[in-house]
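Structure first, commentary second.
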Amino acid sequence: MAHALTVPSIATHKRRSGRDPLVMVTAYDTPFTRIVDEAGVDLILVGDSVGNNVLGLESTLEVTIADIVHHTRAVRRARPHALVIADMVWMSYHTTTEAAVLNAAELIRAGADAVKLEGGARRVRVIEAIVAAEIPVMGHLGLTPQSVHMMGGLRVQGRDEAAAKLLLRDAELLAEAGCFAVVLEGIPRELAATVTEAIDIPTIGIGAGPDTDGQVLVLHDILGLGSSASPKFVRRYADLAEVAREAVASFGADVRALRFPSDEESYHAPKPN
Ligand code: KIV
């Protein structure tokens, strides 16, 4: 079935042209991909946040390209209408351009429609090479978790004038290099608005205020399945952890009280003739 949105249609999707904001969430497996697709999201990100949210890892730096391939396959099996973007993990695009193109191709072969990678000016050559291999690239600027050590922690970026200027320049460079969209994470609302106004590809914000062309949140944060305290930009729409705990506790109580399974939930031997 055709995608609801294609890369070329997203590349021109700007709110200033009267379009609705783009809706992007993460998903890492088949059942949740079905759910978010049925809920009508535009974009599904197989993020390296799978590390913290599903694999029990401390940091996204531990996630491998094989992990993202595995989870992208699971997402694709749900046959979503939404566009599927797979994250290029740390060190999958930081050595040679050739390695980066081959890693991006792995993600496309696993079922992604596009890849996402972090960074500005110093990623331009690699982005151009991946795009030249006919693989659409989404950029990611601001609080880029793969640079946690260089940033000295996961902190809001672009707060002073010099940093804001650099980030704006990075966004322009990513657009020129052929990115079809860019995630803006953890930056002041005012800077996100300036970047959104300055470039012709859509900006998708997370912790970047309401003025971007779209918003992304981690699904596990939306659903209350996150493993750690959420930053202030997260809005939790459900407490599935509590719902799940209650369901499993009820099952346990029924088993222990011999209320499960009932006779109706049991198979029966054929009645003797
Ligand atoms: O991996 C991820 O979930 C992300 C989003 C936070 C944009 O990169």
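Throughout, read-outs are computed from the coordinates displayed, never taken from laboratory work. Keep in mind that what you see is a predicted model, and the values were worked out from it rather than measured. For neighbour counting, all protein chains shown are included, and Cβ atoms are generated from backbone atoms with ideal geometry for every residue, glycine included.
Set against the 2.2 N^0.38 Å expectation for a compact globular protein, the range 1-140 has a Cα radius of gyration ratio of 1.01. Per-residue Cβ neighbour counts within 10 Å put 83, 223, 55 in the sequence 55, 223, 83, beginning with the fewest.
Projected over all directions and averaged, the alpha-carbon convex hull of the range 230-273 occupies 5.2 nm².
Based on the convex hull around the alpha carbon atoms, the chain presents an average projected area of 18.8 nm². For the range 7-239, the relative contact order comes to 20 percent (Cα pairs under 8 Å, sequence separation of at least 6). Sorting 160-170, 194-204 by their mean Cβ neighbour count within 10 Å, with the most densely packed peptide first, gives 194-204, 160-170. Rounded to the nearest 20, the Cβ-based charge dipole of the chain about its Cα centre (Lys and Arg +1, Asp and Glu -1) stands at 80 debye. Working from label points 7 Å from Cα in the Cα-to-Cβ sense, the residue 269 to residue 64 distance is 5.1 nm. If you take all other residues with their beta carbon under 13 Å from the beta carbon of residue 215, and give Lys and Arg +1 and Asp and Glu -1, the sum is -3. With the alpha-carbon atoms of the range 119-273 aligned to their principal axes, the span from lowest to highest coordinate is 83, 36, 29 Å, starting with the largest. Packing here is the average count of other Cβ atoms within 10 Å per residue, and on that basis the peptides 23-31, 39-47, 235-243, 101-109, highest first, run 39-47, 23-31, 101-109, 235-243.
Per-residue ellipticity at 222 nm computed for the chain from its helices equals -11000 deg cm²/dmol, with DSSP H segments shorter than 4 residues left out and the rest contributing -39,500 (n - 2.57). Each 5 Å bin from zero holds the following percent of Cα-Cα pairs in the range 77-154: 3, 15, 27, 24, 15, 10, 4, 1.
GNM on the chain, C-alpha springs below 10 Å: top fluctuator among 149, 71, 94? For the chain, modelled as a Gaussian network with Cα springs under 10 Å, the answer is 149.
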